[in-house]
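Nothing in this text is a laboratory measurement; each read-out follows from the coordinates by a stated rule. Here the structure is a predicted model, which means the values were calculated and not measured. FYI the Cβ positions are ideal-geometry reconstructions off the backbone, even for glycines, and counts take in every protein chain you see.
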Amino acid sequence: MANNKLAIIGGSGLYDVEEFKDRELLDINTPWGKPSDQILKTSYDKKEVYFLPRHGKGHFISPSNINFRANIDALKQLNVTDIVSVSAVGSLKDDLPPGKFVIIDQFIDRTFARNKTFFDEEIVAHVSMAHPTSKGLMNACEDAIKKEGIDYQRGGTYVVMEGPQFSTLAESNLYRSWKADVIGMTNMPEAKLAREAEIRYASVSMVTDYDCWHPDHENVDVQQVIKVLLDNTSKAKSMIKNLIVNFESHVDPNDPTNNCLDVAIITSPEKRSKKTKEKLNTVAGRVLNK
């Protein structure tokens, strides 16, 4: 159990956890470039934890320009085994009002302008994404949320749109017809890359607004979103502290993420160049260096 390490990837409004006083900021390089920002190494309840602001501190990286591969590679370099994404989203359902949290268990990926795999040169791998979030980590998130008395829903489908513009009304109604729960711009390809790197992943979505489908909320206003965001961020920080304390008790040693590359890489060994294997060493070295 002592080998498990948790990282939090913070989305809109969650750029730091200032209450953590034991702080070390890490500059990490990866074969894919630099991550979104310095990674905060800290500890809470005598447990080591890492925090990465997805958009950079001050929110200067657009969703389409996030270097998702560098973010995941950098966390893997730090031996992170579990990632919890905390993201701001719009609601696609009446019973998911602003302020409610949703523990995501499914995604619909509608992005089109992003690098979505580590395996794009010479070495081909196909990981399963049938169940993109880890059940044990979802349980840990649920316990952490319950402890704070936050209104939440366990299970939900997150539509990931390209952005940075919000949806048209026609798009919003289309996603509602699919029975999706929330919409955002950042959990893909993040969840896919975490799976390729054999890092367990869970996503907690914080509802900031009704998407434009709602007749009383037709125009998504950034200022209104920020107001809800600030309240959500305060709740999220309390949730994160609980999560750090409890997550290891929920780790599933049989989680399919743990060894998913064993059955994912299809390229013949003789076709795998040394250069490409070195590039993939952090995320796939366990399998490629056998």
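By how many nm would the segment from K277 to F60 grow when fully extended, if each residue of separation counts as 0.36 nm and the alpha-carbon distance is taken off?
Full extension of this stretch gives 74.9 nm more.
How far is it, in nm, from the label point at K290 to the one at K46 when both lie 7 Å from their Cα along the line to the Cβ?
Going from the K290 label point to the K46 one covers 3.8 nm.
Using a 7 Å offset from Cα along Cα-Cβ at S234, what residues in the range 80-119 end up with backbone N under 17 Å from the label point?
98-101
Quick one: what are the phi-derived ³J(HN,Hα) couplings along the range 189-206, Karplus 6.51/-1.76/1.60 with θ = phi - 60°, whole Hz, x for glycine and proline?
These are the phi-based 3J(HN,Hα) values: x, 3, 5, 5, 5, 4, 5, 4, 8, 6, 10, 5, 9, 9, 9, 10, 9, 9 Hz.
How many nm separate the modelled label positions at N259 and L169, each set 7 Å beyond the Cα in the direction of the Cβ?
5.4 nm
Taking each full run of DSSP H in the chain as one helix, which ones are at least 24 Å long along their axis (Cα atoms) and have mean Kyte-Doolittle hydropathy of at least 0.0?
On the way: long enough: 222-246 (34 Å, 0.26).
Sorted by number, the helices that extend far enough and score high enough are 222-246.
How would you rank K290, K34, going from fewest to most other Cβ atoms within 10 Å of each one's own Cβ?
Working: K290 7, K34 14.
The order, fewest Cβ neighbours first, is K290, K34.
Using a simple charge model, +1 on the beta-carbon of Lys and Arg, -1 on the beta-carbon of Asp and Glu, nothing else, what dipole does the chain show about its Cα centre, in debye to the nearest 20?
So the dipole magnitude of the chain works out to roughly 880 debye.
If amide H atoms are built 1.01 Å from N in the plane of the peptide, which residues on other chains or at least 5 residues away come under 5 Å of the amide H of F166?
Those lying under 5 Å, H to H, from F166: there are none.
Which whole-angstrom value gives the distance between the alpha carbon centres of the range 222-290 and the range 100-158?
10 Å
Around T30, what is the net charge, scoring Lys/Arg as +1 and Asp/Glu as -1 over all other residues with Cβ under 13 Å from its Cβ?
+1
Can you sort R114, R154 from fewest to most other Cβ atoms within 10 Å of each residue's own Cβ?
R154, R114
For the range 102-118, what does the Karplus curve 6.51 cos²θ - 1.76 cosθ + 1.60, with θ = phi - 60°, yield as ³J(HN,Hα) per residue in whole Hz, taken in order and with x for Gly and Pro?
10, 8, 6, 10, 9, 10, 10, 8, 10, 6, 9, 10, 10, 7, 10, 8, 7
Over the range 95-222, what is the mean sequence separation of C-alpha contacts under 8 Å (at least six apart), divided by residue count, expressed as relative contact order in percent?
Relative contact order comes out at 42 percent.
Could you point to the residue in H59, N29, N254 farthest towards the positive end of the range 6-288's charge dipole, with +1 and -1 charges on the Cβ of Lys/Arg and Asp/Glu respectively?
N29
Please list the non-local residues whose amide H lies under 5 Å from the amide H of Y210, H modeled 1.01 Å from N, same-chain partners needing a gap of 5 or more.
The answer is S91.
Can you give me the relative contact order of the chain as a percent, contacts being Cα pairs under 8 Å and 6 or more apart?
Answer for the chain is 25 percent.
Relative contact order of the range 145-290, please, whole-number percent, based on alpha carbon pairs below 8 angstrom and at least 6 residues apart. Provide the component values of the computation, followed by the final result.
Numbers: 99 pairs, mean separation 36.4, N = 146.
With pairs under 8 Å counted, the relative contact order is 25 percent.
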